[in-house]
Amino acid sequence: MSLEKILIQRSSNECELCGSEENLSVFQLPDIMENGAKTALYACNTCIMQMEDEEKIDPNHWRCLNESMWSEYDAVQIMAWRMLNRIEADWTQDLLNMLYLDAELLELAKASGDGEEDENKIIHRDVNGVILEHGDSVVLIKDLKVKGSSMVAKQGTAVRNIRLDHDNATYIEGRVDGQQIVIVTEYVKKI
Ligand SMILES: [Zn+2]
């Protein structure tokens with residue numbers, strides 16, 4: 001039986017990650033030498049595009065892993081682990097904490113380099129430890145003097161569409177009263 005036939009049967013002709021029934025094809029897991037059903041997925045175009053290009057990842061699409069990461073098949077578990085590592089969010093951390101891969105699978109999963117620089121990764125968190133992402137909105141939890149001006153950003157001010165300082169987890173930037181200012185993450189709360 002061809003690999004595709006095996007996968008069609010295994011998946012009941014659905015994307016093994018998100019359950020879509022359209023535009024399905026065989027996806028061989030990258031960075032793994034071994035070929036065959038153990039290291040291949042039957043997946044939809046949407047999933048494949050985002051697995052191949054990190055820039056195209058739509059985090060919400062991958063909420064599907066909530067269910068599919070419990071698949072009995074190695075390839076699905078490996079790819080779920082990789083994608084969860086690529087998306088920085090509280091919910092992906094929660095799922096990763098629950099997703100147990102045995103040593104052999106974990107090694108295969110890590111072959112792509114995912115999950116490796118966790119210790120060095122810069123993660124911005126608000127006063128409650130909630131992860132902040134580019135484009136989030138926050139509210140100031142105290143009055144803040146703005147450096148180099150007489151302006152005071154008032155407690156309770158909402159700051160929309162924040163930018164993250166990629167070199168420093170303590171700082172974000174946002175617009176207050178029409179002015180772009182640097183804000184310390186411990187003085188904001190995500191809204
Ligand atoms: Zn899919």
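Observations, loosely collected:
- Search result, residues across the stretch 141-191 that are in contact (Cβ under 8 Å) with a residue 60 or more places away in the chain, of a type outside the set (D, E, K, R) and part of a strand (DSSP E or B): V188
- Condition check for V76: more than 19 Å from G113 (Cα to Cα), among the β-branched types (V, I, T) and either assigned to a helix (DSSP H, G or I) or touching a helix residue (DSSP H, G or I) at 6+ places or on another chain (Cβ under 8 Å) (or both): no
- Residue in the stretch 67-79 that is away from the ligand (no atom under 14 Å from the Cβ), touching a Pro at 6+ places or on another chain (Cβ under 8 Å) and without any contact (Cβ under 8 Å) to a residue 60 or more places away in the chain present: no
- Only listed residue being more than 18 Å from A111 (Cβ to Cβ), within 14 Å of the ligand (Cβ to nearest atom) and part of a helix (DSSP H, G or I), chosen from T46, T92: T46
- Search result, residues across the stretch 38-51 that are open to solvent by 30 Å² or more (accessible area, probe 1.4 Å) and in contact (Cβ under 8 Å) with a residue 12 or more places away in the chain: K38, N45, T46
- Residue under evaluation K121, criteria (1) at pLDDT 90 or above; (2) farther than 22 Å from S11 by Cα, criterion not met: (1)
- The stretch 60-85: number of residues that are open to solvent by 50 Å² or more (accessible area, probe 1.4 Å) and closer than 30 Å to K190 by Cα: 4
- Answer residue from the stretch 1-37, given it is within 14 Å of the ligand (Cβ to nearest atom) and touching a residue at least 60 places away in the same chain (Cβ under 8 Å) and is surrounded by the fewest Cβ atoms within 10 Å (Cβ to Cβ) among those: E16
- In the stretch 51-66, the qualifying residues are those that are part of a helix (DSSP H, G or I) and over 22 Å from M98 (Cβ atoms), and the one that is farthest from the ligand (Cβ to nearest atom) is E55.
The values are calculated or read from the model by the stated rules, or taken from the named source; none is laboratory data. Bear in mind that the values here come from a model prediction, so they are computed numbers and not experimental data. Glycine also receives a Cβ, built like all others from the backbone with ideal geometry; neighbour counts cover every protein chain displayed. Remember, those area values only see protein heavy atoms, side chains included, never the ligands or the DNA or RNA. Shrake-Rupley method; radii C 1.70, N 1.55, O 1.52, S 1.80 Å.
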